[in-house]
Amino acid sequence: MTLAPYRNKRDFSKTPEPPGRSRNKAGRRFVIQKHQARRLHYDLRLELGGVYKSWAITRGPSLVPGDKRLAVRVEDHPLDYGRFEGTIPRGQYGAGTVIVWDRGTWSSTSDAARSLAKGHLEFSLKGRKLGGRWHLVRMNVGTGAKRDNWLLIKADDGKARSRKDRDILVERPESVKSGLLIDEVKPSRGASTASGRKRNMRTKTARKEPGESARGRKRMPVSRGRKRATPGRKRTSR
Ligand code: MN
């Protein structure tokens, strides 16, 4: 499960498309997207080998060390996906609403690719909501189960909480990208995202926002008076 099929089809000396560089430095990116599909879940994505290794956590992550949260391994996602917030149209794969629930960097003292292959990765998160050490442990090895089931477990450290403490999922339900709750994301039309449309509306009143071009992606040329939003516009994060 890598981007090899994507790369094999392309000659990057001839196409301007991105080859999807590998980044093996420490401090790789992670993102957790809250996804209200048919069933609510949280998608944990860890950058490794130029892609996001991904797990769907059905009940969401827990900061309580005794809690074992089912994490179903899903297909690798491109790194661009980490910015995605909006709605996936009805009838499409994963139809529903997505917000960027947490993001930051992750690290591991082990060879992460080998650890994943072995079925146990110990890693640390530095996010806006989640931190400290965690374990991902593969279940049902060799049982022929259809799903690739793992468990996400918080290690006991300074970032851990007890059952008496507030549940981080309840305490911090909002997007770290837009500040929106998942119910506040309006259905998007076409390829536009909720955050994109919101930014576009703001742009109408204040066309220039200091610092925006430095941190955001390069703007695509938008003709004056155009009503449709361009996709994936980044809003200044709080
Ligand atoms: Mn999902």
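The values are calculated or read from the model by the stated rules, or taken from the named source; none is laboratory data. Keep in mind it's a predicted model, so treat the numbers as computed, not measured. Methodologically, a virtual Cβ is constructed for each residue, glycine included, from the backbone with ideal geometry; neighbour enumeration extends over all protein chains shown.
Which one of 86, 104 is touching a helix residue (DSSP H, G or I) at 6+ places or on another chain (Cβ under 6 Å) and either of a type in the set (S, T, N, Q) or under 21 Å from residue 178 (Cβ atoms) (or both)?
Working: 104 fails: touching a helix residue (DSSP H, G or I) at 6+ places or on another chain (Cβ under 6 Å).
Checking each option against the conditions leaves just 86.
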Test: residue 11 is within 16 Å of the ligand (Cβ to nearest atom), of a type in the set (Asp, Glu) and either within 16 Å of the chain's Cα centre (by Cα) or at pLDDT below 90 (or both)
no
Which listed residue is modelled with pLDDT of 95 or more and out of contact with any strand residue (DSSP E or B) (no Cβ under 7 Å at 6 or more places or on another chain), from 121, 44, 40, 63
40
Do you know which residues across region 81-118 are out of contact with any strand residue (DSSP E or B) (no Cβ under 7 Å at 6 or more places or on another chain), among the aromatic types (Phe, Trp, Tyr) and within 15 Å of residue 54 (Cα to Cα)?
none
Any residue that is within 18 Å of the chain's Cα centre (by Cα), modelled with pLDDT under 95 and part of a loop (DSSP other than H, G, I, E, B) - is there at least one of those in region 159-181?
no
Would you check if residue 113 is more than 24 Å from residue 38 (Cβ to Cβ), part of a loop (DSSP other than H, G, I, E, B), away from the ligand (no atom under 16 Å from the Cβ) and not β-branched (Val, Ile, Thr)?
no
For region 95-112, does any single residue satisfy the condition of being under 15 Å from the mean Cα position of the chain (by Cα), among the charged types (D, E, K, R), modelled with pLDDT of 95 or more and over 15 Å from residue 150 (Cβ atoms)?
yes
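Give the residue that is surrounded by the most Cβ atoms within 10 Å (Cβ to Cβ), with candidates limited to residues of region 28-81 that are within 13 Å of the ligand (Cβ to nearest atom) and part of a loop (DSSP other than H, G, I, E, B). Spell out the reasoning first.
Going through region 28-81, the residues within 13 Å of the ligand (Cβ to nearest atom) turn out to be 31-45, 52, 54-58, 60, 71-75, 77, 81.
Those left that are additionally part of a loop (DSSP other than H, G, I, E, B): 37-39, 58, 60.
Numbers: 37: 15, 38: 8, 39: 9, 58: 13, 60: 18.
Looking at residues that are within 13 Å of the ligand (Cβ to nearest atom) and part of a loop (DSSP other than H, G, I, E, B), I get 60.
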